[in-house]
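*Asks:* The following block contains the structure, expressed as structure tokens.
FYI, it's all coordinate maths here, none of it is from the lab. Keep in mind the model is a prediction, meaning the values are calculated, not measured. All Cβ positions, glycine included, derive from the backbone under ideal geometry; neighbour counts span all protein chains shown.
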């Protein structure tokens, strides 16, 4: 039987959005360190102005605090960008791969824009990107979201599967799963190598405003909302994918806190939740 000590000894990631938007990479690292985390995610666009010297300084800052920027988020041009305001404004894969090399990252996080592209077209774009990322020694992850271009777990599987799961996988966000299509039949059918990272948060029963407004303003700490987190967490553990996980509680309350305060709070609350669930 899994114990909480086992789960808490795995790769815990302080997901970047969970300490508030518009934080600096240094703030992300310092917040993760204060919360006892050794891994953090940072958006690529938040590091684009640093240059190579600045990236090396950032990596050194992390090493001094035993924190690695393990996921670089916000890789977009794997998908057709026509019709997007971001076309021509986002970092190329070459630039992000160089960032990952300097920072010692493991994952590059792909996001799907709601541009109406069919799954087949998205899969065609994802596969060569995954191959390049894998050849460089990293893993390309894809996060599904109900308001995004890849809106649920089943769609994410369709996009990633042609590339294979050796150097690609899915980011599973509990908010996105429950606010979208919480298909446990699909989740429980997985073999265990499809999901690479897990993000935890909870929410009220009712959506407030649009889905986007709800996700950036009203997430709750695990156990404070309406989601059946116990069920999904047990399935993730049974699949063997409850690794590289952490909190991503995005809310107006979190944004009003200092980064360290937000990180420590969310880390403590997730630890409490996991200790209760796994009884130790």
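*Asks:* Anyone know which of 63, 106, 231 comes out most mobile in the 10 Å Cα GNM of the chain?
*Replies:* 231
*Asks:* Relative contact order of the stretch 167-280: what whole-number percent is it, with Cα pairs under 8 angstrom and at least 6 residues apart?
*Replies:* Relative contact order for the stretch 167-280 comes out at 28 percent.
*Asks:* Still on this structure: When the chain is fully extended, how far beyond the present Cα-Cα distance does residue 253 get from residue 89, taking 0.36 nm per residue of separation?
*Replies:* Difference between extended and current length: 56.0 nm.
*Asks:* Now a separate question. In which sequence would 117, 28, 45 go, from the one with the fewest C-beta neighbours within 10 Å to the one with the most?
*Replies:* 45, 117, 28
*Asks:* If each residue's Cβ is checked for other Cβ atoms within 10 Å, how do 265, 50 rank with the fewest at the top?
*Replies:* 50, 265
*Asks:* Roughly how many nanometres apart are two label points built 7 Å out from the Cα toward the Cβ at residue 230 and residue 10?
*Replies:* 1.9 nm
*Asks:* I've got another one for you. Choose one answer from 234, 38, 179: the residue with the largest mean-square fluctuation in a GNM of the chain with alpha-carbon springs under 10 Å.
*Replies:* Maximum among the listed residues: 234.
*Asks:* Given the DSSP H assignment, sum -39500 (n - 2.57) over each helix run of at least 4 residues in the chain and divide by its residue total; what's the result at 222 nm in deg cm²/dmol, nearest 500?
*Replies:* Taking each H run of at least 4 residues, the total per residue is -12500 deg cm²/dmol.
*Asks:* Tell me, in nm to one decimal, what length is gained between residue 53 and residue 135 on full extension, where the rule is 0.36 nm per residue of separation less the Cα-Cα distance?
*Replies:* 27.0 nm
*Asks:* Rounded to the nearest 0.05, what FRET efficiency do residue 21 and residue 66 have when you use their Cβ-Cβ distance and R0 = 30 Å?
*Replies:* Between residue 21 and residue 66 the formula returns 0.75.
*Asks:* With contacts defined as alpha carbon pairs under 8 Å and 6 or more residues apart, what's the relative contact order of the stretch 60-215 in percent?
*Replies:* Value for the stretch 60-215: 19 percent.
*Asks:* Neighbour counts of other C-beta atoms within 10 Å: give me 191, 226 arranged from fewest to most.
*Replies:* Listing 191, 226 from fewest to most nearby Cβ atoms yields 191, 226.
*Asks:* Could you grab the relative contact order for the chain? Cα pairs under 8 Å, six or more apart, rounded to a whole percent.
*Replies:* Reported as a whole number, the value is 23 percent.
*Asks:* Would you look at the GNM of the chain, springs on alpha carbons closer than 10 Å, and say which of 164, 116, 20 moves the most?
*Replies:* Top of the fluctuation ranking is 116.
*Asks:* Let me test this: with uniform point scatterers at the alpha carbons of the chain, what is the Debye-based log₁₀ I(q)/I(0) at q = 0.14 1/Å?
*Replies:* -1.00
*Asks:* Next up: Over the chain, what is the percentage of antiparallel beta bridges among all DSSP beta bridges, to the nearest 5?
*Replies:* Expressed as a percentage, antiparallel bridges in the chain total about 5.
*Asks:* Sorted by mean Cβ packing within 10 Å, highest first, what order do the peptides 123-130, 6-13 take?
*Replies:* 123-130, 6-13
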